[in-house]
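Engineer: My structure is below; once you've seen it, I'll send some questions.
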Amino acid sequence: MSVPAFIDITEEDQASELRAYIKAKGAEISEENSEGGLHVDLAQIIEACDVCLKDDDKEVESVMNSIVSLLLILETEKQETLIESLCEKLVKSREGERPSLRMQLLSNLFHGMDETAPVRYTVYCSLIKVATTCNAIAFIPTDLDQVRKWITDWNLNTEKKHTLLRLVYEALVECKKSEAAAKVMVELLGSYTEDNASQARVDAHRCIVRALKDPNTFLLDHLLALKPVRFLEGELLHDLLTIFVSAKLAAYVKFYQSNKDFIDSLGLNHEQNMAKMCLLTFMGMAVEFKEISFDTMQQELQLEEDQVEAFVIDAVRTKMVYCKIDQTQRKVIVRCLHLCPHQPQHTPHLRQAAVAAALRQSQLLEGQFGNCEDQPPDPVPVCLRSLSKTLFKKLPPFLC
């Protein structure tokens, strides 16, 4: 891309003009160019450029872009240290000091470099940090596919890869983009191996707690497959996650009664947990039975009779289930069930029960499968891997 220059003169004269301008702003720098060459001049200019970022002078943008343009014409081996130095200056400026200018400068630098230049990693991380301070992460590319491509292009080692993903995650959380943040955290945890999974305890802990706390996240089974999460097996947090994945409300209530202080220490709200577990339990019932009696709902969801209707209305509002209430027969009729529209993975007990119900309703359960090597646990005596595309096309509206 074309980066604005301070003035259309030689690089040496440009450096001299920059020195004079910065010195006039109060910086301690000589107006005479160094005998060491342009990269030495730039090192001294960058070291003294703080004064520009504190000034509202309209020329400041051109001055700083001039520094960027000179950086981009240096030999690659001389760029890295200077770029890291400039990024450090731009990130460390106090919050509120020209954040839009700092973001623009970093963006110009980022897009002015070769796409595969490893030092782009430093610039991108700096962009994320500055954007987070002014709630401008929406203007920074954080699409996970693009981030994956950059990780490959820049040939990042494991440590830098983890640092980058963690930085993007924290920025998305800070800017209230919980769904995007969750995807990045899963990517981060998924990048660990059996050998280094123990190093991700903090990340795994944060991931689980945020997922449990998020009122819009209901299906969490994909977390159990992550190596850092598996490393937590035997701990209370892993037990709690397992309850949200595959158990019913009664199991959570029992866990809470025995571990109230632990739930409180995580910053989780018991009432919110109860509400989420009620919905998950109801979803489990809904995939098993098309009609659910009020008595069953009161027993399984620990509801009073006058609370059933309000609960069903709230459940429908989540758009995960569509059903109607039959007051005369005192039952709930399930019309349609959405197994988490925003996540490709489905909780095993919900998914398997849903497939079983659909198969029974379509009368396709018997005689449709050959030899099955991997059978899911009862009550679904069917190899899910053997389900054909044709079969799924015939699934009834009950499983939307």
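Engineer: Determine whether the stretch 205-221 contains at least one residue that is farther than 23 Å from residue 173 by Cβ and modelled with pLDDT under 95. First the steps, then the outcome.
Structural biologist: Our first condition is that a residue be farther than 23 Å from residue 173 by Cβ; within the stretch 205-221, this holds for none.
Looking through the stretch 205-221, none of the residues is farther than 23 Å from residue 173 by Cβ and modelled with pLDDT under 95.
Engineer: Among the residues of the stretch 175-189, which ones are surrounded by fewer than 22 Cβ atoms within 10 Å (Cβ to Cβ), modelled with pLDDT under 90 and either closer than 17 Å to residue 230 by Cα or not basic (Lys, Arg) (or both)?
Structural biologist: 175, 178, 179, 180
Engineer: Select from the stretch 190-200 the residues that are among the polar types (S, T, N, Q) and surrounded by fewer than 17 Cβ atoms within 10 Å (Cβ to Cβ) and list them in ascending order.
Structural biologist: From the stretch 190-200, those among the polar types (S, T, N, Q) are 191, 193, 196, 198-199; that's our starting set.
Answer for the stretch 190-200, where residues must be among the polar types (S, T, N, Q) and surrounded by fewer than 17 Cβ atoms within 10 Å (Cβ to Cβ): 193, 196, 198, 199.
Engineer: Look at residue 242 and say whether it is β-branched (Val, Ile, Thr), part of a helix (DSSP H, G or I) and over 14 Å from residue 269 (Cα atoms).
Structural biologist: Criteria met by residue 242.
Engineer: Would you mind stating whether residue 217 is within 30 Å of residue 299 (Cβ to Cβ) and either part of a loop (DSSP other than H, G, I, E, B) or open to solvent by 30 Å² or more (accessible area, probe 1.4 Å) (or both)?
Structural biologist: Numbers: within 30 Å of residue 299 (Cβ to Cβ): yes; either part of a loop (DSSP other than H, G, I, E, B) or open to solvent by 30 Å² or more (accessible area, probe 1.4 Å) (or both): yes.
Criteria met by residue 217.
The rows are residues; the columns are (1) open to solvent by 50 Å² or more (accessible area, probe 1.4 Å); (2) of a type outside the set (Phe, Trp, Tyr).
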| residue | (1), (2) |
| --- | --- |
| 211 | no, yes |
| 227 | yes, yes |
| 231 | yes, no |
| 234 | yes, yes |
| 238 | no, yes |
| 246 | yes, yes |
| 259 | no, yes |
| 264 | yes, yes |
| 274 | no, yes |
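Engineer: Sort through 114, 143 and tell me the only one that's open to solvent by 60 Å² or more (accessible area, probe 1.4 Å), farther than 30 Å from residue 193 by Cα and of a type outside the set (Val, Ile, Thr). Can you show your working first?
Structural biologist: Working: 143 fails: farther than 30 Å from residue 193 by Cα.
Result of the check over 114, 143: 114.
Engineer: Determine which single condition residue 92 fails, assuming it passes every other condition in (1) among the basic types (Lys, Arg); (2) over 23 Å from the mean Cα position of the chain (by Cα); (3) buried (at least 16 other Cβ atoms within 10 Å of the Cβ).
Structural biologist: (3)
Engineer: From 13, 8, 41, 57, which residue is at pLDDT 85 or above, exposed (fewer than 14 other Cβ atoms within 10 Å of the Cβ) and not aliphatic (A, V, I, L, M)?
Structural biologist: Details: 8 fails: at pLDDT 85 or above; 41 fails: exposed (fewer than 14 other Cβ atoms within 10 Å of the Cβ); 57 fails: at pLDDT 85 or above.
Being at pLDDT 85 or above, exposed (fewer than 14 other Cβ atoms within 10 Å of the Cβ) and not aliphatic (A, V, I, L, M) holds for just one of 13, 8, 41, 57, which is 13.
Engineer: Okay, next question. Those residues that are of a type in the set (S, T, N, Q), under 22 Å from residue 210 (Cα atoms) and part of a helix (DSSP H, G or I), I need them from the stretch 259-312; list them, please.
Structural biologist: Just the residues of the stretch 259-312 that are of a type in the set (S, T, N, Q), to begin with: 259, 265, 269, 272-273, 281, 293, 296, 298-299, 302, 307.
Next, only the ones that are under 22 Å from residue 210 (Cα atoms) stay: 259, 265, 269, 272-273, 281.
Matches in the stretch 259-312: 265, 272, 273, 281.
The values are calculated or read from the model by the stated rules, or taken from the named source; none is laboratory data. Please read these numbers as outputs of a predicted model, since none were measured by experiment. Cβ sites come from the backbone with ideal geometry, for glycine too, and all protein chains shown count toward neighbours. Side chains included, ligands, DNA and RNA excluded: accessible areas come from the protein's heavy atoms. Shrake-Rupley method; radii C 1.70, N 1.55, O 1.52, S 1.80 Å.
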